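What follows is a single structure, written as structure tokens, with notes after it.
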Amino acid sequence: MKNDNSLFYVCSLLEYISRLCKIEHSELVKQIGKENLIRLYKDADTLHCEPIAKIADEVRNVFSIKEGKFDNISTCRYEVPDYWTIGEVFERLIEDICAKNDDAVFIIDVLVNVYTSWIDKAISNFNSDFFYQSREYIFKSWQEGKVLQEVS
């Protein structure tokens, strides 16, 4: 499974909402819920026709997303990557974990697992260079359960 546009959109939407509501991804996916994430994934082809800010606002209201105090943007000492860039990092990792399995429920299970794991904090730390690393490096780090010092 490569270049899943629906997954890319959902990951970017989650990043956008996370920034908007100042909550960590783990809390966001918990508040939205697995069934609703599956619905967003299945409807992504239609949703992407609207501005992402509009869809984010609708998701925020429909699912009563509560705001938090998480703010990795104002603490960033460097140029902040946009939500599309971070969405793509998550999309690629989830695609690599899913391999050839394109079942929506499985994909969302993996998405929830990724967003509630240690690697979310590593990718969301914009003061590090982890999110800029190659797709293969991030996937190998995931497999090892920690940020690797170097790729072998």
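Here region 1-59 is treated as a sphere whose radius is the Kirkwood value from Cα pairs; by Stokes-Einstein at 37 °C and 0.692 mPa s it diffuses with a coefficient of 283 µm²/s. Here the peptides 19-29, 129-139 are ranked by packing, the mean other Cβ count within 10 Å, and the order with the highest first is 19-29, 129-139. Compared with the alpha-carbon gap, the fully stretched path from THR46 to ASN5 is longer by 13.6 nm at 0.36 nm per residue. Projected label points at ASN61 and CYS76, each 7 Å from Cα along the beta carbon direction, are separated by 2.7 nanometres.
Length available on full extension from TYR132 to ARG39: 0.36 nm per residue minus the Cα-Cα distance, which gives 30.5 nm.
Considering all different alpha carbon pairs of the chain, the Kirkwood hydrodynamic radius works out to 15.6 Å.
With θ taken as phi - 60° and the Karplus curve 6.51 cos²θ - 1.76 cosθ + 1.60 applied, the whole-hertz 3J(HN,Hα) list for region 73-87 is 8, 5, 8, 6, 8, 10, 5, 6, x, 6, 5, 5, 4, 5, x Hz, x standing for glycine and proline. With all protein chains kept in place, the per residue accessible area of region 1-142 amounts to 50 square angstrom at a probe of 1.4 angstrom.
Taken about its Cα centre, the chain carries a charge dipole of roughly 360 debye when the Cβ of each Lys and Arg holds +1 and the Cβ of each Asp and Glu holds -1.
With contacts defined as alpha carbon pairs under 8 Å and 6 or more residues apart, what's the relative contact order of region 14-152 in percent? List each step's numbers first, then the result.
Numbers: 115 pairs, mean separation 39.1, N = 139.
Worked out over region 14-152, it gives 28 percent.
Which pairs, out of LYS34/LYS66; LYS69/LYS121; LYS66/LYS121, put more than 26 Å between their alpha-carbon atoms? None, as every Cα separation is 26 Å or less.
Leaving ligands, DNA and RNA out of it, report the carbon-plus-sulfur percent of the accessible area of the chain at a 1.4 Å probe. Could you put the intermediate results ahead of the total?
Working: 3960 of 8170 Å².
That fraction is 49 percent.
The values are calculated or read from the model by the stated rules, or taken from the named source; none is laboratory data. None of the values given here were measured: they were computed from a predicted structure. Cβ: placed from backbone, ideal geometry, glycine included. Neighbour counts: every protein chain shown. Protein only, heavy atoms only, side chains kept; ligands, DNA and RNA dropped before computing areas. Shrake-Rupley method; radii C 1.70, N 1.55, O 1.52, S 1.80 Å.
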